[in-house]
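The values are calculated or read from the model by the stated rules, or taken from the named source; none is laboratory data. No experiment lies behind these values; they were computed from the predicted model shown. Note: ideal-geometry Cβ built from the backbone for every residue, glycine included; neighbour counts use all protein chains shown.
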Amino acid sequence: MSIYYFEHYKNYMQESLKTIGASRGRRLKLAEHLDCKPGYISQVINGHTDFSQEHGIKTCEFLGLSEDEQHYFMLLLQKERAGSMLLKKYFKKEITKIRNLKQQVKEQLLTYKTLNNQDKVRYYGQWYYSAIHILVSIPGFQTKDKVAKKLNLSLSVVGTALEFLESTGLVIQKKNRYIIGETRIHLEPNSPMITKHHTNWRLEAIKSLEKDQPNSLHYSSVVSISEEDFNKIKNILLDSIKKTETVLPDSKEEELCSLNIDFFAY
């Protein structure tokens, strides 16, 4: 569940570090991450002991929380550690503000169908936003851990990206999974962001070359041809692109792929 459902950090940890199912063994791994005894984790979660702020921020790192989620977690922790009712009241007020804001955003998403320009700039600013957005359409890659491992990204980066994608309606969180949302994104050919988008994915194509994957296809050729044949080849490629578009709608989500075609004259 989203951390914003919780008003106490211990309840969130109980949910995130269950001793059964997929979370089994995570308490032991957290203890190793914090360089403490496993019993200490249980004392914090189930007893009256509280994490230090140093342990709190390292726990955020372990759980792969986004920057906003880390801030919220640390507010929950500081509320529990507060030495006076006045200070507890202050932190509770800050927590309530964030929870109300998140609820407002969630309600706005009911009518959020397209991305605004500011969010487009962020979406196309890094390759992994579109990669994560499309990857969660594949059933086997709908959790932070699976996405991070597949794309070789840190949990924190994936968490921050997913929080952004969720805030715009591009993805939706259902229980412990992320799926494609109803918001749609389209980049016009004359958009100032189109160059950044092309550059991002061509850099990823270069990384793919270094991996030397047998199922990848890379082709480069330098030739001298007539202007007429240049236009002929360009039309062949355009026709191929149109044919790929007819395959996509009914294609089952199994692999995350990138198609880059470069054909130009100097």
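Within segment 245-266, the set of residues being outside any loop (DSSP other than H, G, I, E, B) and either surrounded by 11 or more Cβ atoms within 10 Å (Cβ to Cβ) or among the acidic types (Asp, Glu) (or both) comprises Glu245, Asp250. Checking each residue in segment 202-248 for being under 29 Å from Leu153 (Cα atoms) and either of a type in the set (Lys, Arg) or touching a Phe, Trp or Tyr at 6+ places or on another chain (Cβ under 6 Å) (or both) picks out Arg202, Glu204, Lys207, Lys211.
Annotation note: Cβ proximity below 6 Å between a residue of segment 88-104 that is within 14 Å of Asp68 (Cα to Cα) and a residue that is of a type outside the set (Lys, Arg) and at pLDDT below 90 (sequence gap 6+ or interchain) occurs for Arg99/Tyr4; Lys102/Tyr4. The one condition from (1) touching a strand residue (DSSP E or B) at 6+ places or on another chain (Cβ under 9 Å); (2) at pLDDT below 85 that Lys175 does not meet is (1). Cβ separations smaller than 8 Å between residues 6+ apart or across chains give the following pairs from segment 245-266 residues that are of a type in the set (Asp, Glu) to residues that are not in a loop (DSSP other than H, G, I, E, B): Glu253/Pro139; Asp262/Arg202. Within segment 156-174, can one find any residue that is of a type outside the set (Ser, Thr, Tyr), surrounded by fewer than 15 Cβ atoms within 10 Å (Cβ to Cβ) and within 18 Å of Arg122 (Cβ to Cβ)? Within segment 156-174, not a single residue is of a type outside the set (Ser, Thr, Tyr), surrounded by fewer than 15 Cβ atoms within 10 Å (Cβ to Cβ) and within 18 Å of Arg122 (Cβ to Cβ). Based on what the data block shows, is Lys79 in contact with a Phe, Trp or Tyr (Cβ under 6 Å, 6 or more places away or on another chain) and basic (Lys, Arg)? Taking the combined requirement at face value, the residue satisfies it. Please verify whether Phe73 is farther than 30 Å from Ser191 by Cβ, over 19 Å from the mean Cα position of the chain (by Cα) and surrounded by 18 or more Cβ atoms within 10 Å (Cβ to Cβ), treating the condition exactly as stated. Against the criterion (farther than 30 Å from Ser191 by Cβ, over 19 Å from the mean Cα position of the chain (by Cα) and surrounded by 18 or more Cβ atoms within 10 Å (Cβ to Cβ)), Phe73 does not qualify.
In segment 111-142, the qualifying residues are those that are at pLDDT 90 or above and in a loop (DSSP other than H, G, I, E, B), and the one that is surrounded by the most Cβ atoms within 10 Å (Cβ to Cβ) is Val136.
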